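A short worksheet on the structure shown next.
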Amino acid sequence: MPHSAPNRTETRVDVVIVGAGFAGMYMLHRVRGLGLSARVFEAASGVGGTWYWNRYPGARCDVESMQYSYSFSPELQQEWQWSELFASQPEILRYANHVADRLDLKRDIQFDTRVTDARFDEATHRWEIATDRGDRVSAQYCVMATGCLSTARMPDFPGLASFKGKTYHTGHWPHEGVDLSGQRVGVIGTGSSAIQAIPVMAEQARELVVFQRTPNYSIPSRNGPMTAEYEGSWKSEYEERRAKARTMRGGILYDINEKSALEVAEDERRREYEARWAAGGTAFMAAFSDLAVNKQSNDTAAEFVRERIREIVKDADTAELLAAKDYPIGTKRICVDTHYFETYNRENVSLVDVRKAPIAEITPDGLRTTEAEYQLDTLVFATGFDAMTGSVLKVDIRGRDGQSLRDSWEAGPRTYLGLMTAGFPNLFLITGPGSPSVLSNMIVSIEQHVDWVTDCIEHLGARGLDCIEATVESQDAWVAHVNEVAYGTLYPSANSWYMGANIPGKPRVFMPYIGGVGAYRQKCDEIAANGYTGFELTQPARETAEAAD
Ligand code: N01
């Protein structure tokens with residue numbers, strides 16, 4: 001049910017924010033703190049963004065709970081209690097609602113409303129924003145808080161419309177849940193979402209058939225109930241630990257081994273991997289300092305994981321199919337699971353290799369590969385997202401001279417710092433392409449961007465300026481730097497969504513900035529402290545015209 005009434009009146013505000021996930025919510029809070037007016041538009045009926053939509057069975061965060069939460073308010077972080085080491089989606093959504101209520105955010109959020117157009121008016125230096133509910137809003141600043149993984153991707157399989165059973169995408173799971181009892185269920189995809197959903201669905205379904213194109217490396221989460229001691233250890237040092245996390249490469253506090261995997265003896269290397277496998281979680285990838293840059297080092301970690309899979313999965317052929325071999329570990333996003341590989345030991349679960357025999361069509365009664373036919377009652381698409389650019393480009397954004405952002409980014413996204421793009425003044429991107437975003441703890445990166453944008457808006461206001469825009473030169477230099485750093489690692493060697501490789505026709509560009517959260521923050525702070533180098537700051541349009549007379 002809609003939480004707010006549609007408002008189809010003409011409105012003028014200082015800031016329009018698109019999206020009410022963790023980015024949009026914090027942006028609204030900070031903008032209010034400047035004494036400015038804001039309106040948030042949100043397509044969903046509630047706050048939470050990705051955690052609103054991704055309600056598939058088993059959905060949980062694979063950054064640990066004590067670190068996956070806002071750090072800006074000491075009261076908030078002290079009062080909230082997580083029940084598990086890795087929070088489940090319903091609990092994260094409760095947290096988002098708790099924050100929204102606590103900060104009284106919802107009165108400025110218009111739910112069930114999608115922004116369709118945003119046009120920069122050069123005469124007034126304002127953004128004219130239109131929604132699918134007929135709103136027309138004029139704002140000085142437009143902030144795209146649209147999320148990096150929020151445009152679900154449904155492959156265009158022939159015959160899909162003919163399927164007689166139910167179909168679901170993990171990123172659009174029904175709110176009332178889905179009862180899979182007694183069903184023959186097919187799952188397409190084996191990324192993070194599928195790896196979390198499969199073990200839970202297998203417990204309910206009569207039969208579960210997993211259609212895998214590319215196997216993934218996954219590390220056990222070792223999730224469990226939150227203990228009072230563990231929670232207390234964080235809460236007693238929250239400020240210090242958060243401050244430290246902000247300087248880390250991934251914005252997550254964990255133990256990074258500074259040694260190369262190749263400089264230690266075989267038994268020491270094995271002990272390190274075993275300890276991290278036993279501890280669980282993405283910290284596995286910090287076992288050695290060079291896993292992301294040295295193929296030989298990476299091979300040692302990848303082989304360790306393949307050995308674990310062969311140990312866990314009883315059927316040797318299935319184990320071999322599940323063991324990723326054709327890309328380095330970590331170069332597609334590492335997955336974290338609860339009994340994923342063990343699930344293939346169940347009688348009711350089978351694995352189909354759709355790399356060898358691709359899906360030919362969806363039939364009325366199931367799915368046909370080029371080799372066999374499968375009878376299914378329900379099809380689950382765990383087929384991912386048009387990542388990083390999908391949701392920004394869904395809006396028809398027009399900058400100077402009516403230039404379209406879709407055209408500007410035709411050959412791949414181009415930004416300065418992942419925050420702004422040349423030709424689009426006063427349009428900010430939160431965790432945009434060209435920033436660490438998806439390679440980091442998203443909440444840490446969101447807070448950093450929102451703080452930077454807030455300081456920037458305050459800076460402009462205090463100097464009687466009303467416009468900021470990235471220069472083409474600074475943008476070109478930043479894009480070159482983002483590429484140079486990426487190509488110094490093994491990441492571009494994988495066909496990942498980081499590279500846009502999961503979307504047919506999408507340009508192959510490594511989209512996030514891999515230079516690390518700490519170094520990136522320092523760079524952004526220096527640029528701001530030096531008067532926003534690489535940006536052009538201008539005074540109100542009328543004054544500019546008068547000065548030229
Ligand atoms: O999506 P994905 P996801 N035929 O793109 C397959 C975050 N996340 O929703 O690899 C057959 O990773 C595709 O195969 P391939 C996290 O950042 C976080 O799982 O392209 N298969 C792949 O196996 C994550 O990385 C969390 O060959 C097809 C799968 O579908 C990101 O979201 C939890 C196909 C898509 O995997 C996306 O994860 C969940 C086709 N035509 C997600 N098209 C937490 O933090 C696609 N596939 C908890």
Review point. Which is farthest toward the positive dipole end of the chain among THR343, ILE468, LEU405, measuring Cα position about the Cα centre, with Cβ charges +1 (Lys, Arg) and -1 (Asp, Glu)?
Key: THR343
**Study point:** Cut-off 11 Å (backbone N to label point 7 Å along Cα→Cβ of SER162), residues of the stretch 352-379
**Key:** 361-368
Exercise for review: Above 15 angstrom, tally the Cα pairs of the stretch 240-300 and express them as a % of all pairs, no decimals.
Suggested key: 51
Revision key, fill the gap. Low-density loop GluC sites (Glu not before Pro), the stretch 109-179, at most 15 other Cβ within 10 Å, DSSP non-H/G/I/E/B, are GLU122, GLU176
**Study point:** At least 15 Å along the helix axis (C-alpha) and Kyte average at least 0.0, DSSP helices within the chain
**Key:** 22-33, 192-204, 442-462
Review point. Per residue Cα convex hull volume for the stretch 1-119, in cubic angstrom?
Key: 120
Practice item. Kindly state, to the nearest 0.05, the FRET efficiency for GLN204 paired with ARG270, given R0 = 45 Å and r defined as their beta-carbon distance. Key: 0.75
Practice item. Would you mind working out the magnitude of the charge dipole of the chain relative to its Cα centre, with +1 at each Lys and Arg C-beta and -1 at each Asp and Glu C-beta, to the nearest 20 Debye? Key: 680
Review point. Trypsin sites (Lys or Arg not before Pro) within the stretch 295-341: which are DSSP loop residues with at most 13 other Cβ atoms inside 10 Å?
Key: LYS314, LYS325
Practice item. Would you mind counting up the charge near PHE22? Only other residues with Cβ under 13 Å from its Cβ, with Lys and Arg at +1 and Asp and Glu at -1. Key: -1
Check your understanding: When the convex hull of the Cα atoms of the stretch 117-225 is projected onto a plane and the area is averaged over all directions, what value comes out in nm²?
Key -> 12.3
Revision key, fill the gap. The summed charge of the GLU536 Cβ neighbourhood (under 13 Å; Lys/Arg +1, Asp/Glu -1) stands at -2
Review point. Which loop-located trypsin sites (Lys or Arg not before Pro) does the stretch 96-190 contain, where loop means any DSSP state but H, G, I, E or B and the Cβ has at most 12 other Cβ atoms within 10 Å?
Key: LYS164
Review point. Of all the Cα-Cα pairs you can form in the stretch 109-159, what percent are over 15 Å apart?
Key: 60
Practice item. Would you kindly calculate the translational diffusion coefficient of the chain, applying Stokes-Einstein with the Kirkwood radius from alpha carbon pairs, for 4 °C and a viscosity of 1.567 mPa s, and quote it in µm² s⁻¹ without decimals? Key: 53
Exercise for review: Only helical DSSP H runs with n ≥ 4 go in: add -39500 (n - 2.57) per run for the chain, normalise by residue count and round the 222 nm mean residue ellipticity to 500 deg cm²/dmol.
Suggested key: -9500 deg cm²/dmol
Check your understanding: If you add up the charges near TYR498, with Lys and Arg at +1 and Asp and Glu at -1, over every other residue whose beta carbon is less than 12 angstrom from its beta carbon, what do you get?
Key -> +4
Revision key, fill the gap. Cα-only Rg/Rh for the stretch 326-416 with Kirkwood Rh rounds to 1.13
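Quick note: the coordinates plus some simple rules give every number you see, no bench work behind them. Everything numeric in this text was worked out from a predicted model, so none of it was measured. Reconstructed Cβ throughout: ideal geometry from the backbone, glycine too, with neighbour counts over all protein chains shown.
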